[in-house]
Structures are given as C-alpha cells and as structure tokens.
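Quick notes on the structure that follows.
Readers should treat all values here as calculations from the given coordinates under stated rules, not as data from a laboratory. Computed from a prediction, not measured in an experiment: that's the story for all the values here. Methodologically, a virtual Cβ is constructed for each residue, glycine included, from the backbone with ideal geometry; neighbour enumeration extends over all protein chains shown.
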Amino acid sequence: MLHGLLRVRGFTQDDAHIFCTREQLTDEIIGVLEFARYMLATFGFHEYEIFLSTRPEQYLGTEEIWDHAEGALAAALEKVGLKYEIDPGEGVFYGPKIDVKLHDALGRKWQGPTIQCDFNLPERFDVTYVGPDGKLHRPAVIHRVVLAGIERFLGAYIEHCAGEFPVWLAPVQVRVLPIADRHLDYARHVHAQLRARDFRAEVDDSSATLNYKIRDGELMKIPYLVVVGDREQETGQVAPRSREEGDLGSMPLETFLARLEAENRPPTPQV
C-alpha cells in the first residue's frame, strides 16, 4: 500500500559497496557505523534501535564464512559502544546485516541505515586480489545504506521535525513582507541582497494585509519573515521575525545577513 513519501512506487537509496579483505572487515564496518551516526545526528535523530540479523535457514556460502561475517559485525558494534539485539534468522540469503531503526519525535520507528556483509557477489563476479603471500584471495563486500530510502527518510524527517526545517535545510529560508505597495521596491532590493548571498528567499507581493502575510508565512513554517515598511526603507534596515524567537526588532540588513550566514550550515553533531 502506498503512503506518501514513506511508501512509494519507486525509491532512491544512498547505496554504496566497499570491497575489502576479511581482515579489514571490522574496521570498515566501524567506519560505516560512524558515518551513519554522524549523518543521523546531523538531522537530529539521536534515538534508535540496532539489530544484528543472523543466518537464515536458506543461505549461500559456508557456516565458517557466516560466522566470520557475524563476528565482524558484532565486533564493530561493540567497539563503537552501541547496544544491539540479535534478530535471529533475519539476515539476507547472502550475508548477515545490521539494521538501524530510527525513533521520531512521536516515538514511531522507521527503517534507517543498513550494513550488510556479502561473500556471495565476489564469488559470482570472480573478484580477486593479490595478498601479501602473492596468492589470489576473495574480498568481502559491505553493502551500506546510510540514510535508507531517500524518500522514506525525508518523509520520516518531516514527521520528526513537524515540518520545521532548520535554516540550512528549509526550502524557503526567508520571505520578505512589504507592508504596502510603496515598500515593494525596497522589498525587492532586500530580496536581491539575499539571493546574492545564495539564500533561498522570496517576496510576498500580494495585496493581503501584513497580519495575513505573517500568518501565511508561519503556517508555511518559514524560518524567517522579514517585514519592511517606512522606517526600514528610510534607514536601510529590516525587521525580521524568527520562527523560533518571534519578533527580533529592526536591525541593519547586513546584521541580519550575518545572522543567516551563521545559521546556514549543518550543526556539528555530537555522536
């Protein structure tokens, strides 16, 4: 059953594959885990459950290979210090995997990063490398998805933040609101200055009242609404309203631009 962005007809994955030796397997998995944690923290996801899915009843390869792969996944989780549960028999036919399920602001769970070990594809593609002993060896493959399906992740993120995107991520970062028609030229000047700094901005040049324009911008959850009237036009200032802090009062346009510059980058996540 289709369900908005969360269950679509076709999806896009941030999928990648790492070819490595069996001795490198644990360290490479640790690198992927750290990358996934970094990305989740950047988007404000700090709560999640981790499952280690083990060998199913029908599988390819030997028990020795599966034991090695499961051991590498478990060792990586333990070295990073992540708690996890065993999900017995839920690995895919070609290898075990780590599944991360995100918790959104309402406590709902969403499928997130996945890290899978695969010894099957190197066999099928006859992939080899020359080891230190001068002989040919089969590498291991790590399938990794850091955010999962992009459409589903975006849907889950919208639910998580209730549509209140931070400045650096908001589709429209600033909307300029002229109080009357006589302020349109100055509003367009402010808009041009914003666009010159590569901010995603627009002008509400409708004939609606200022209160209506503010209400509409708040419903659209735009981070900043910038009011311009006679005083702002005469002094070269703007009167921004922050979605988080409310009315910030009048300030020079350059001061507001500097504030935007500081907010127009992802936070440094604490993982």
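The table that follows gives values for the structure above.
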{"quantity": "Total charge dipole magnitude, region 94-162, about the Cα centre, Cβ charges on Lys, Arg, Asp, Glu only, Debye to nearest 20", "calculated": "120 debye"}
{"quantity": "Listed residues 268, 116, 82: farthest to the positive end of the dipole of the chain (Cβ charges)", "calculated": "268"}
{"quantity": "Computed P(r) (all Cα pairs; region 139-271; 5 Å bins; percent)", "calculated": "2, 10, 18, 21, 17, 11, 7, 5, 4, 2, 1, 1, 1, 0"}
{"quantity": "Environment charge at residue 55 (Cβ cut-off 9 Å; Lys +1, Arg +1, Asp -1, Glu -1)", "calculated": "-4"}
{"quantity": "Rounded tilt (10° steps) of 210-219 against the dominant C-alpha axis of the chain", "calculated": "10 degrees"}
{"quantity": "Farthest positive-ward along the chain dipole, Cα basis, beta-carbon charges - from 141, 236, 207", "calculated": "207"}
{"quantity": "Extension gain from residue 180 to residue 42, taking 0.36 nm per residue of separation minus the Cα-Cα distance", "calculated": "45.7 nm"}
{"quantity": "Potential lengthening between residue 109 and residue 195 on full extension [0.36 nm per residue; Cα-Cα distance subtracted]", "calculated": "27.1 nm"}
{"quantity": "Residue 51 versus residue 7: modelled label distance in nm, points set 7 Å from Cα along the beta carbon direction", "calculated": "1.6 nm"}
{"quantity": "In degrees, nearest ten, helix 253-263 long axis to first principal axis of the chain (Cα)", "calculated": "10 degrees"}
{"quantity": "Point-charge dipole on Cβ atoms (K/R +1, D/E -1) for region 120-259, about Cα centre, debye to 20", "calculated": "460 debye"}
{"quantity": "Gyration tensor over alpha-carbon atoms, region 13-161, equivalent ellipsoid semi-axes in Å", "calculated": "29, 15, 14"}
{"quantity": "Stokes-Einstein D for the chain, Kirkwood Rh over Cα pairs, 4 °C, 1.567 mPa s (µm²/s)", "calculated": "59 µm²/s"}
